[in-house]
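The values are calculated or read from the model by the stated rules, or taken from the named source; none is laboratory data. Keep in mind it's a predicted model, so treat the numbers as computed, not measured. We place every Cβ from the backbone using ideal geometry, glycine too, and count neighbours over all the protein chains shown.
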Amino acid sequence: MRVSLWLPVLLLLALGAYLLPPRTPAAQAAPVTRTLPDPLPPEARALFEASRPATVQVESVNAAQNAAGIGTGFFVSAQGQVLTAYHVVSAGQLFQISTVSGKSYRARVTAYNAAADVALLSIEARGPFPYLKLTTRAPRVGETVLAIGNSGGDFLQPRRGQLTGLDATAARTDFPQGTLEMSAPLAPGDSGGPIIDGNGQAIGVVSYIRVDGTGRTRRSYAVPVVAGNVLVQGLLSGKKLDMAASGLELDLVHSGLTKPPGAIVSRVARGSPAAQAGLRGSQFDKSENLVGLGDIITSVNGRPVRNADEFLREVRGVGIGDPVRLGYVRGGKALETTVVLAAKSKVPDSGE
């Protein structure tokens with residue numbers, strides 16, 4: 001195996017981090033409100049003020065683990081249906097919704113689509129509630145968008161950016177594919193929040209970020225939502241769709257550049273199906289600089305793959321409990337293993 005380590009950039013941690021803060025004891029999960037120092041332009045300020053009442057803080061509590069996490073969501077109906085990211089609520093047992101008006105409500109998960117990383121909650125209270133309309137048009141690269149979220153100790157504060165892509169590829173098999181890519185500076189706590197266009201309509205649900213070696217956000221990603229499309233209709237009809245996951249995170253920077261070419265394993269989640277199958281990720285120093293490449297996956301069920309995209313295409317659609325035979329190269333030696341995919345809700349987050 002050979003790889004050029006003389007690239008100008010060795011690796012931008014293609015970790016596609018979900019934007020849910022580390023789970024903390026439930027007693028420490030109270031929101032803190034502060035105002036961002038940078039003022040918004042008048043048009044953006046008006047859009048934020050009009051949209052903020054329809055956005056909420058989502059607190060997900062796991063009583064068994066005495067832990068809680070904070071995310072974001074937004075009303076999509078006057079009856080109290082809240083759209084958020086699936087990973088915000090997937091490990092929770094109890095859910096509380098807090099609004100800018102100071103009111104809090106209990107909620108329950110009524111539908112989800114794990115592959116798309118979206119979930120629908122219903123408020124246990126009578127409306128009407130202010131809500132955001134979903135877009136009916138296709139988003140455009142270059143347009144300015146507004147996000148509202150709860151990162152950094154803020155409570156429902158704005159972040160602005162531009163759309164830089166419309167069909168992004170995630171580095172992990174259990175992350176949503178075909179997402180909107182943005183320059184908005186999002187961070188843990190913003191997951192599940194709305195991406196709002198200039199018309200005040202929601203065009204996406206915040207899902208994950210990519211960061212560089214310093215931990216700074218380079219790109220943010222949101223699942224596109226369109227009024228009346230299959231995804232939205234499935235949620236509104238109460239469908240609960242889990243997905244298969246391996247626990248693999250891929251290196252998109254060096255993808256296809258090795259000899260032999262293949263999908264490079266960047267990280268493997270502890271206790272995941274990939275870890276149980278013996279796969280190894282890349283090695284990083286304390287500053288998260290790449291010092292050694294992980295396993296190079298060269299085939300899936302006997303079909304050759306030359307890069308991360310081809311690997312993702314091969315495993316997409318594989319069911320929970322199905323075995324996937326992987327050929328890979330480690331230290332120049334060709335090896336083979338079988339990964340039995342598990343339900344996403346049972347697979348830990350990545351990180352070695």
So A91 passes all but one of these: (1) crowded, with 19+ Cβ neighbours inside 10 Å; (2) modelled with pLDDT under 95; (3) under 24 Å from A67 (Cβ atoms). Which condition number does it fail?
(1)
Out of everything in region 176-200 that is touching an Asp or Glu at 6+ places or on another chain (Cβ under 9 Å) and surrounded by fewer than 24 Cβ atoms within 10 Å (Cβ to Cβ), what residue ends up being farthest from V211 (Cα to Cα)?
G198
Within region 235-245, which residues are among the small types (G, A, S) and at pLDDT 90 or above?
S237, G238
Anything in region 152-170 that is in contact (Cβ under 8 Å) with a residue 60 or more places away in the chain, over 24 Å from Q81 (Cβ atoms) and more than 11 Å from the chain's Cα centre (by Cα)? List them, or say none.
G153, D154, R160, T169
Tell me yes or no: at least one residue of region 273-295 is touching a Pro at 6+ places or on another chain (Cβ under 8 Å) and either more than 22 Å from A184 (Cβ to Cβ) or not assigned by TED's automatic domain parsing to the domain that holds T338 (or both).
no
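Against the condition modelled with pLDDT of 95 or more, under 19 Å from the mean Cα position of the chain (by Cα), within 30 Å of P42 (Cβ to Cβ) and not in a helix (DSSP H, G or I), how does L120 come out, does it pass?
Taking the combined requirement at face value, the residue does not satisfy it.
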T164 meets each of (1) of a type in the set (S, T, N, Q); (2) within 27 Å of A46 (Cβ to Cβ); (3) assigned to a loop (DSSP other than H, G, I, E, B) with one exception, condition (3)
List pairs: first in region 177-189 and farther than 19 Å from Q57 by Cα, second hydroxyl-bearing (S, T, Y) and part of a loop (DSSP other than H, G, I, E, B), Cβ under 9 Å, 6+ apart or cross-chain?
Q177/T169; G178/T169; T179/T169
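I need the strands (runs of 3 or more DSSP E) fully contained in region 203-322, keeping only those with at least 2 residues that are among the basic types (K, R) and touching a strand residue (DSSP E or B) at 6+ places or on another chain (Cβ under 6 Å).
Details: elements: 217-224, 248-250, 263-268, 290-292, 296-300.
Hits in region 203-322: 217-224.
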Flagged in region 108-165 as within 30 Å of A342 (Cβ to Cβ) and of a type in the set (V, I, T), in numbering order, are V109, T110, V118
Of everything in region 125-145, what is touching a Phe, Trp or Tyr at 6+ places or on another chain (Cβ under 6 Å) and modelled with pLDDT of 90 or more? Give them in sequence order.
F129, Y131, L132
